[in-house]
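Data first, discussion second: the structure below is written as structure tokens.
The values are calculated or read from the model by the stated rules, or taken from the named source; none is laboratory data. From a predicted model like this one, the values you see are computed outputs, not experimental measurements. Cβ coordinates were reconstructed from backbone atoms using ideal geometry, including for glycine residues, and neighbour counts include every protein chain displayed.
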Amino acid sequence: MAGWTYEWRYRSMGLRISMTTLDPLTALVLVYGVMACVMLVLWLVDRWIHNASIADVGWCAGLVGAVAWYGWSTTGDLERKILLFSMAALYGGRLGLYILLNRVIGKEEDARYQQLRHEWGSLESIRLFAYFQLQAVAVTLFSLPFLVLMQNVIPPFSLWELAGFLLWFVAVIGEGFADWQLAQFRSKSWNRDRVCREGLWFYSRHPNYFFEWLHWWAYVVMAVGASGWLLTWVGPVVMGWALLKATGIPLAEVQALRSRGEEYRIYQQTTNRFIPWWPKRWPIKRG
């Protein structure tokens, strides 16, 4: 394993720390190897509990763990590492806890996963294994922006980093608020088969996805001027593709039409799909 020992002096405290560090590529490869094993275990757990949302919880926890590992094993300014780990922990911890409490513990499996199991038939087990392993790849890819930022040689904290942090703050608060509003709406039994149009859901059919995507732009802004800046674009580009074209909005919309029917069709006609904006007037039915 490639590595070297360095001695580092914490400027403000005069603390000397000696530790073995890894080159970024080795640290990245180790993250993938560990996450592949973690996702194998979670796939086995899914075989028992039949709730594939556990993979999403594992993704969130894995991202936080990967950032912590980079902070420990690679070079970089301690202040910046602490900031980035805190950002990853707050983002991933909140999202992972939300999924765990609302989609896993004591909950029926998300209808989208149920539909995929039905469509996959006899290949369900193999395809779910591939899906879980894809999450290991995803953790590795989405941890790249954090690794790039930790290797930034520009002294912390620049105006770009401040601007990126403010964008991160708005996005994480927005996503959390959207999730909370939806959870509150669905907690009432009479809303179970109705469309949520409250709060942020009045302006977008998927405000949680919009703020999730916006959140990944924060790291692009923070990394302006850093070596490897283009690698941070993997966050918004891949997440945008996944949300708009693959596993996010397309599956959610199909399931919403299946469960909420005409009310959701009207919602589609009046409310923006992704970017929050004022809705159109409801179509008038003519008898």
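With the requirement that a residue be more than 15 Å from TRP59 (Cβ to Cβ) and touching a residue at least 12 places away in the same chain (Cβ under 8 Å), what does the range 118-144 give you? Hits for the range 118-144 are SER125, PHE129.
Residues in the range 148-172 that are touching a helix residue (DSSP H, G or I) at 6+ places or on another chain (Cβ under 8 Å) and hydrophobic (A, V, I, L, M, F, W, C): VAL148, LEU149, MET150, PHE157, TRP160, ALA163, PHE165, LEU167, TRP168, VAL170, ALA171, VAL172. Entry remark, the range 150-178: residues being in contact with a Pro (Cβ under 9 Å, 6 or more places away or on another chain) and touching a residue at least 60 places away in the same chain (Cβ under 8 Å) number 3 in total.
Please pick out the residue among LEU116, LEU100 that is part of a helix (DSSP H, G or I), surrounded by 16 or more Cβ atoms within 10 Å (Cβ to Cβ) and at pLDDT below 95.
Working: LEU100 fails: at pLDDT below 95.
Of the residues listed, the single one that is part of a helix (DSSP H, G or I), surrounded by 16 or more Cβ atoms within 10 Å (Cβ to Cβ) and at pLDDT below 95 is LEU116.
Checked against the criterion of being among the hydrophobic types (A, V, I, L, M, F, W, C), modelled with pLDDT under 95 and more than 25 Å from MET222 (Cβ to Cβ), the candidates ALA2, ALA55 yield just one match: ALA2.
Of all the numbered requirements in (1) under 30 Å from LEU257 (Cα atoms); (2) part of a helix (DSSP H, G or I), LYS107 misses one, and that requirement is (2).
Please specify each residue of the range 158-169 satisfying the condition of being in a helix (DSSP H, G or I) and surrounded by 14 or more Cβ atoms within 10 Å (Cβ to Cβ). Step through it out loud before you land on a result.
Of the residues in the range 158-169, the ones in a helix (DSSP H, G or I) are 159-169.
Correct list: TRP160, GLU161, ALA163, GLY164, PHE165, LEU167, TRP168, PHE169.
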